[in-house]
Structure formats: C-alpha cells, structure tokens
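What follows is a short report on a single structure.
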Amino acid sequence: MHYLYQYPLPPQNYIAEELLLGIILIYPNTFTKIIPFIKPDYFFLEYHQLIYIYLIDIYKKKQFYNIELFYYLSNTHILSQIGGIHKIIEIMKQGQILISNNQSNLYIHELIDIIHLNYIKRLMIQYGQNIIQLAYVKKISDSKLYNKASSYLDYTEKKIPKNNLKNCHNLISNLLLDIQDINKNNTKIVNKNNILQSGFPELDKLTAGLPNGELIVVAGRPSMGKTSFAINLAKNILDSSDLGFCLFSLEMSSQLILYKILSLYTNITINNINLNRLNNSQYKKIEHTCKKLLNKYIYINDQENISIDYIEYTSKILKKENHNIKLIIIDYLQLIQTDKFYFNNRVQELSYITRKLKLLAQYLNIPIIILSQLNRHIETRNNKKPILSDLKESGCINIKETIKIKNNQYIYLKNLILYQHYIHYIQSIHNIKYVYKGF
C-alpha cells in the first residue's frame with residue numbers, strides 16, 4: 001500500500017485555483033456562475049480558501065469591489081497570511097492576462113471541473129486512509145466498518161454534481177398524470193410516485209401514505225397491539241402488490257411472527273396453529289397460505305440484542321440484493337443497542353438511534369416503521385390515557401412530529417382508523433395513540 005504515499009503532494013492544481021479567483025476579481029459578474037459549484041474547501045491552498053471565503057462574504061453584502069476585499073482582509077489581519085496585497089494583485093493579473101472577457105465564460109466550467117475533480121481525489125485518499133486505520137482497530141465490528149466505509153462513499157457521491165435539470169413541461173405533465181392516476185384508483189397500494197399505502201383508507205388520507213425516506217414511529221402502551229398493527233399493515237402491502245418487507249423483531253420470535261401472518265390470512269387462532277389443533281379444512285387453508293407466502297418477499301430477523309449498526313448494515317445489504325423490499329419494520333425502539341459508550345443517559349442513546357434510522361430511510365429511499373413503548377409509569381396512573389410526556393424515553397420524538405390536521409390540532413390513531421374491522425388483532429385500538437412522521 002506504499003503507492004498511497006509515493007507522491008509528495010495530494011492531487012491539486014493551484015494554477016487553476018488562481019485563475020478562477022482572478023476571474024472572480026476581474027469579472028465579478030461571473031461569481032454567480034461559480035458560487036453554486038465551488039465551496040471553500042475545494043481549494044487546495046489555504047490562502048486560496050481564505051480569499052474565497054471573504055469573496056463570498058463580500059458578495060452576500062452586495063459590495064463586490066476589489067477595494068472592499070483589500071479593506072476586508074486588512075481589518076481582519078488576514079492580508080499578511082495570504083501573501084499581502086502583492087499576492088492579490090498577482091492573482092488579478094493572471095486572470096486578466098490569460099483569460100480575456102470574451103473567454104471567461106468558456107473557461108469557467110473547465111476550471112470548476114479541474115478544481116472539483118482534484119478535491120474529490122483528495123477526499124477519496126483521505127477516506128481510504130481512514131478506512132485503513134479503522135481496519136487495524138481490533139474491537140471494531142464488521143458491520144461498523146462497513147457502515148463507516150459506506151458513509152464515506154455516500155458523502156463523496158453527494159459531492160459529485162448531478163444533472164437534475166428537468167423541463168417544466170415534463171414536470172407539469174407528469175404531475176397531472178399522477179393526479180389522474182391516483183383519482184382513478186384510490187385503493188392502489190403504490191401510486192406512480194412509488195409511495196406505499198398502508199391499506200387503511202382513512203389513515204392514508206391523512207398521512208398521504210408511507211412516503212419514501214420517512215421514519216414513522218408508532219407508539220403505544222405495552223401489550224396493546226403495536227406489533228399486530230404493523231403486521232396488518234405489512235399484510236395489506238403483500239396482498240396489493242409484488243413488493244416485500246423486512247421485519248426486525250427484537251422481542252418476538254420469527255415463528256410467532258409467521259403464526260400471526262398465517263392467522264391473519266386464515267382466520268385461525270394463533271393458539272390453534274401453535275398447538276396444531278387443526279381440522280382438515282383448516283390444515284388445507286394453512287397449506288394454501290404457505291404456498292402463497294413462498295412467492296412473497298418476506299424477511300424476518302429475530303436476533304436479540306442487535307445494534308443500530310447491525311440493522312443499518314443488514315438493511316443496506318438486503319436492499320441491494322432485493323430491490324422489491326420497500327418497507328422495513330422494527331419492533332421495537334427501546335430494545336435496540338448501540339456500540340457507543342459515551343452517552344450520558346438512555347434518552348441521548350435513543351435520540352442517536354432514531355437519527356440513524358432516519359438517515360437509513362433516506363439512504364434506502366423507503367419508509368421505515370419503528371414501534372415504540374410508552375413510559376411504563378402510565379400504568380401507575382388512574383387515567384391511563386397516553387399523553388405526549390409518556391414518549392419522553394423515546395429520544396428525539398416530540399410534539400412537533402405528531403400528525404397535524406386543520407386548526408393545528410393533533411389527532412389520535414383511533415380517529416385515523418374509523419373502521420376497526422380492518423384490524424383483526426387490535427381489539428383495543430384506542431390505546432395506540434400516535435403516529436409520528438419525519439424528523
């Protein structure tokens with residue numbers, strides 16, 4: 001691996017940097033074409049970064065004159081650090097001599113590409129060295145190492161410009177087609193924007209379905225049907241599309257999850273399935289349902305004491321191998337562990353977990369549903385109706401994340417689902433209080 005260090009300097013082109021700064025100083029009107037694509041840290045030389053930072057400050061104040069830059073640098077005692085006034089004049093001369101006013105627009109994009117490419121190369125070298133150092137850490141887990149390497153690549157990918165220019169006519173046409181399609185078929189589980197529908201019409205009307213990239217938290221009192229609600233939702237998706245889901249069950253075994261799914265399809269009680277108390281007709285129902293489920297994309301992970309890094313790693317690998325996975329369900333938040341040891345309390349740890357899950361949902365571009373317990377002190381109250389403070393131990397979940405309706409009022413889940421017969425297992429639906437979306 002010595003080839004990483006055989007060059008005395010990282011990739012850079014200080015001439016291109018000086019030319020670009022010179023163009024800005026001589027032709028200030030060109031700055032509007034440069035500032036969206038070049039950040040200060042893209043420059044290799046530190047004094048080029050300083051000059052560019054102060055140029056941005058002056059530009060924002062709409063006082064873009066060369067004399068303003070001199071005064072600005074002098075007053076902040078930065079002028080001597082960048083080589084004095086002679087260095088500024090030298091940069092201006094290069095921009096004026098090498099590139100005329102007629103040529104400036106032609107070379108700006110080329111200079112931007114050169115500076116940006118060298119920055120990406122330096123970034124990759126630095127991240128590569130960081131990964132090598134992490135690989136030598138004895139106690140680091142493979143999932144942690146993978147997630148760190150992936151985060152470096154993701155960050156670098158975001159730095160690469162994307163061609164996202166779209167014609168306004170196409171945007172409007174697509175919008176009208178989407179609206180027309182949704183109006184024709186309100187019961188579709190997935191619309192043209194690939195937004196999943198929960199299968200509960202009243203819920204979907206208020207939440208606009210399960211948008212991609214969203215972290216959705218369903219909280220309720222212990223043993224009130226949160227898992228059954230999530231399984232019902234997953235079943236609706238299986239019934240109405242060819243899409244699949246992955247369920248991380250930190251409390252319930254995968255066998256019991258399967259029994260619940262079979263019970264939903266066959267209307268046979270879980271106890272009868274578990275104890276094999278089946279007549280011939282019921283056995284045929286079970287057999288038919290099992291054959292049907294074999295053609296579905298269902299993944300259940302019932303490993304206990306898993307960390308957020310393991311969930312992140314497994315989800316990314318699974319999504320890469322099977323693009324039909326469009327939903328992740330986690331049961332439940334308070335059982336997820338972290339590899340961090342510097343959290344002062346459990347609330348900070350849960351806040352970290354929910355932030356990681358939100359980023360994971362955005363990365364995979366699918367909704368993630370996580371179930372959450374309410375504070376168990378609720379059981380000691382005379383009035384056991386859940387209130388917002390019962391979610392205190394759920395980390396960064398707060399009142400701002402509740403679903404709002406007209407007049408800035410908050411709505412309970414019991415009011416979202418008007419037809420309780422849609423839910424086979426949730427007998428006490430009024431105890432599942434909140435649905436949270438977005439962070």
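Computed from the C-beta positions of residue 345 and residue 381, the FRET efficiency with R₀ = 22 Å rounds to 0.45.
Rounded, prolate or oblate for the range 234-278? Axes are the square roots of the Cα gyration tensor eigenvalues, ordered a ≥ b ≥ c, and the cut-off for rounded is a/c under 1.5. Oblate is the answer for the range 234-278, as a/c is 1.5 or above yet b/c matches or exceeds a/b.
Taking other Cβ atoms within 10 Å as a rough exposure proxy, 200, 70 sort from fewest to most as 70, 200. With each label modelled as a point 7 angstrom along the Cα→C-beta vector, the residue 335-residue 86 pair spans 7.2 nm. A simple rule links phi to the HN-Hα coupling: the Karplus curve 6.51 cos²θ - 1.76 cosθ + 1.60 with θ = phi - 60°, which for the range 309-325 gives 5, 5, 4, 5, 5, 4, 5, 5, 5, 5, 5, 5, 7, 9, 6, 7, 6 Hz, with x for Gly and Pro.
Measuring between their Cα centroids, the range 304-367 and the range 229-296 lie 25 Å from each other. The C-alpha radius of gyration of the range 208-335, expressed as a fraction of 2.2 N^0.38 Å, stands at 1.10. Taking Lys and Arg as +1 and Asp and Glu as -1, the other residues whose beta-carbon sits under 15 Å from that of residue 87 total -3. Fewest-first ordering of 314, 269 by other beta carbons within 10 Å of each residue's beta carbon gives 269, 314. For the range 17-56, the set of chymotrypsin sites (Phe, Trp or Tyr not before Pro) satisfying both a DSSP loop assignment and a count of at most 14 other C-beta atoms within 10 Å is given as 37. A simple rule links phi to the HN-Hα coupling: the Karplus curve 6.51 cos²θ - 1.76 cosθ + 1.60 with θ = phi - 60°, which for the range 217-233 gives 10, 10, 10, x, 5, x, 6, 10, x, 5, 5, 5, 4, 5, 5, 4, 4 Hz, with x for Gly and Pro. Remark: for residue pairs 158/319; 320/358; 138/158, the C-alpha separation exceeds 26 Å in 138/158.
Taking a Cβ cut-off of under 13 Å around residue 34, the surrounding Lys, Arg, Asp and Glu residues balance to a net charge of -1, with basic ones at +1 and acidic ones at -1.
Laboratory data are not the source of any read-out in this text; all were calculated from the coordinates shown. Keep in mind that what you see is a predicted model, and the values were worked out from it rather than measured. Note that we place each Cβ from the backbone using ideal geometry, even for glycine, and neighbour counts take in every protein chain shown.
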